[in-house]
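The values are calculated or read from the model by the stated rules, or taken from the named source; none is laboratory data. Predicted, not measured: the structure shown is a model, and the values here were computed from it. No Cβ is skipped: glycine too gets one built from the backbone with ideal geometry, and neighbour counts run over all protein chains shown. Heads up: the accessible areas ignore ligands, DNA and RNA and are worked out on the full protein's heavy atoms, side chains in. Shrake-Rupley method; radii C 1.70, N 1.55, O 1.52, S 1.80 Å.
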Amino acid sequence: MSRFVDKLPFFDRRASPMEEADDIPRSGLLHLHGGHHHYNHHQPQQGAMMAPEPSPPTKHSSSTLAQLLKRVNDARSDAASSANSSPSHYTIELGASVPGSTGSDSGRTSHAGVGGDVGALLPFVLKFTDLTYSVKQRKKGPCLPALPFGRGDATEPEAPRMKTLLDNISGEAREGEIMAVLGASGSGKSTLIDALANRIRKESLHGSVTLNGESMDNNLLKVISAYVMQDDLLYPMLTVEETLMFSAEFRLPRSLPGKEKKKRVQALIDQLGLRNAANTIIGDEGHRGVSGGERRRVSIGVDIIHDPIVLFLDEPTSGLDSTSAFMVVKVLQRIAQSGSVVVMSIHQPSYRILGLLDRLLFLSRGQTVYYGPPGSLSSFFHDFGKPIHDNENPTEFALDLVRELETMPEGASDLVEHNKSWQKRMGPKIKHADDGGKPSLSLKEAISASISRGKLVSGATDGNVTVPSELSAPDSAVTKFANPFWIEMGVLTRRAFINTKRTPEIFVIRLGAVLITGFILATIFWRLDDSPKGVEERLGFFAIAMSTMFYTCSDALPVFLNERYIFLRETAYNAYRRSSYVLSHTVVGFPSLIVLSFAFAVTTFFAVGLAGGAQGFFFFVAIVLASFWAGSGFATFLSGVVTNVQLGFPVVVSTLAYFLLFSGFFINRDRIPKYWLWFHYASLVKYPYEAVMMNEFSDPARCFVRGVQMFDNTPLAVLPVPLKVRLLRAMSSSLGINIGTNTCITTGPDFLRQQAVTDLTKWDCLWITVAWGFLFRILFYIALVLGSRNKRR
């Protein structure tokens, strides 16, 4: 007999009363759960919505089987008198007795309403109706269209074809349940998740998405929901506990004490099954860290730290082995049972995972081919004429059948039509089993009830939630961010410092590059004299040194690009402000610029023999620091514009080459054509280059050309010195001016005038360079605002 039962499909199997009783703890009350295929002796139900109340002390800590069954019969009779006439299934479990309402054969614990009434309907129902989304399909072909050679070859341009990604998709997801969206690659799973999570522009998406029958404001949805992306976007050098703690500091309100935040993190670690990996770093290709399944659970934990009411997940089991995938979905089951609506896409669930799902929505090329509980798959495909064989995974059978139908010219249209007729015939029965499918509470009441039960830690800690209506302004809705600006900036700065501290090799390599560059320049331009050749060599040193500062800053380009998608994920649901990120990014990077500036100045200033003494040295340090500041700002701005390093580095290198070309080193300002003069003033290298020149040549008492040195850099330089002296005397007699061998011909200011460096002072150049750094960071902020809108067009 047992062998025959084992061969039955899982959704037709019932647990015997003896099996149910074996799962009952020896003391406590009873939970009554809808459903019948979640009985697992080794993995008992956890994470119920309402915490079980302790049973009163009795003399005997255990109950007999007859007493337990009597309690079940009494509960069934009570529920039958108050609920619908349709039978419900119950599970004996530790906790209070609450009659369940099953939305599918894999039922879940029902939840009481605000007043804790037994048998209350599900508070949250996420309903979507007739969702349709189309995009313009790019025309494939050559870049340049062929030119017609005759009238017969002329063709009318084709109108852009529209590709429908979602075609009238309808359904609903309930609190305490997991709704899974299934389908082959390209069927529209991720698109549907994005549509439900309001990640598609409203003007492009047709249909309606409501929660408890009410449309949701975008800010409200961000507060009460979370979206877990398919990729694990985490900082590799943070531990699991640190990652969740930083997420708690972002998402949980400032009014919540730090101890309570830590308690929330510790509870979440236990809920996710990450206790053994709490102090292990996330890791990446170069650093060994947690496993793939643990990393995926951390990704989920980061987004549910504030205990959201609605949770969207895009293929959370992708890339995981069977055991890890089952553990992830098991965690999602606990989250759903704690009072959340869980909607996820999944490619091909295993037999065990299917037992954890409540509602299935199969898609084929954007159309619904099945919507309903897992237990109805057998009858659905039996009616279609394709019965599911025993011991075969129903989802694998369904997906294989859909793929087979998609290879035919008409596609899965027959299955789509069969689903429509089946829904009309079976839909009322399913809704009757679901207690009508209508929420008993309004959206505001349901959110307030959830907050009073401890959910939705951020947003409104007092239990009062303002739900925007058509007459109220969007600004009157819930608070957009959980924390003020300075709290966000402090947490971001602390996290960035930890990452920097644990990757010291990045700064060490950068410091080594600056020291090596300074050493090479110092040994080449060692102790320059005050001759005309020394002047030219100083100009070469200044041009190479200042441009090197900017080229060295190009390593700031991958800093944001490496964490770009982490930033997009965190800001998509208002974890922090973009301005907080920009300022913390600036604060963290500035100390290293100071160290690099002093290292380069100490290495080169005294070795080259630059003038100015202590005052000149500190100004040289300041202008080098300003160059680093402006250069890193420029690279940071480009990192917000470009999308990858391969595209960013050519832009940085070529742009800095143009800046050097127009800086005034290769051609003076008064020799640059007027139509390129604007580029001269836009050059970042111009201002630090002219600043160090003025710092070096501003002393009028310092002479750089004396007597016969005036013949240097001319064809007369090859003449013997006595002949040069005779030429000086002849010039003196002709001009009536005494020009001797020690007569100063050109001073520092004279040389500056020759180089057309006269329009600004050195302090003007310093402050303009600093202003460039601020300007690029403002542009970086604007790029983040304009480029981080996570919505499809």
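Against the empirical curve 2.2 N^0.38 Å, the C-alpha radius of gyration of the range 716-793 lands at a ratio of 2.38.
Here is the list for the range 491-600: trypsin sites (Lys or Arg not before Pro) lying in DSSP coil, each with at most 10 other C-beta atoms within 10 angstrom of its C-beta, are Arg527. Across the range 198-345, the mean sequence separation of Cα contacts (distance under 8 Å, 6 or more residues apart), normalised by length, yields a relative contact order of 29 percent.
Neighbours of Asp303, meaning other residues whose beta-carbon lies under 9 angstrom from its beta-carbon, give a summed charge of +2 when Lys and Arg score +1 and Asp and Glu score -1. Quick check on the range 246-295: take the gyration tensor over C-alpha atoms, sort the square-rooted eigenvalues as a ≥ b ≥ c, and tell me if it's rounded (a/c under 1.5), prolate or oblate. The shape class here is prolate. For the range 574-668, the solvent-accessible area of protein heavy atoms averages 35 Å² per residue (probe radius 1.4 Å; ligands and nucleic acids excluded). Each residue was assigned an accessible area with a 1.4 Å probe, and for His206 the value is about 110 Å². Stretching the chain fully between Ala611 and Thr643 yields a gain of 7.1 nm (0.36 nm per residue, less the alpha carbon separation).
Seen through its C-alpha gyration tensor, with square-root eigenvalues sorted a ≥ b ≥ c, the range 193-320 comes out oblate because a/c lies at 1.5 or above while a/b is not bigger than b/c.
If you take the square roots of the eigenvalues of the alpha-carbon gyration tensor of the range 594-694 and sort them as a ≥ b ≥ c, do you get rounded (a/c under 1.5), prolate (a/b over b/c) or oblate? Oblate. Ranking of Ser345, Ser291 by solvent-accessible surface, largest first: Ser291, Ser345 (1.4 Å probe, protein heavy atoms only, all chains present). For the range 283-401, the solvent-accessible area works out to 30 Å² per residue, with a probe of 1.4 Å and every protein chain left in place.
Given +1 at the Cβ of Lys and Arg, -1 at the Cβ of Asp and Glu and no other charges, the dipole of the range 258-399 around its Cα centre is 640 debye to the nearest 20.
In this structure, the amide hydrogen of Val341, modeled 1.01 Å from its nitrogen in the peptide plane, lies closer than 5 angstrom to those of Gly176, Val310, Leu311, counting only residues at least 5 positions away or on a different chain. Near Ala412, once Lys and Arg are set to +1 and Asp and Glu to -1 for all other residues with Cβ below 13 Å from its Cβ, the sum equals -3. Gain on full extension, evaluated as 0.36 nm per residue between Asn738 and Trp678 minus their Cα-Cα distance, stands at 17.2 nm. The phi torsions of the range 545-557, fed into the Karplus equation with coefficients 6.51, -1.76 and 1.60 and a -60° offset, translate into couplings of 5, 5, 5, 5, 4, 6, 5, 5, 6, 5, 6, 6, 4 Hz, rounded to whole numbers, with Gly and Pro shown as x. With a cut-off of 13 Å between beta carbons, the residues surrounding Phe485 carry a summed charge of +3, where Lys and Arg count +1 and Asp and Glu -1. Mind scanning Lys262/Lys444; Lys163/Lys222; Lys420/Lys480 and naming the pairs with a C-alpha gap bigger than 31 Å? Too far apart for the 31 Å limit: Lys420/Lys480. Evaluated over the Cα positions of the range 294-408, the convex hull gives a direction-averaged projected area, one quarter of its surface, of 7.9 nm². Per-residue extension of 0.36 nm, minus the Cα-Cα distance of Asn218 and Ile524, leaves a gain of 104.0 nm for this segment.
Taking the Cα centre of the range 248-317 as origin and assigning +1 to Lys and Arg Cβ atoms and -1 to Asp and Glu Cβ atoms, the resulting dipole is close to 440 debye.
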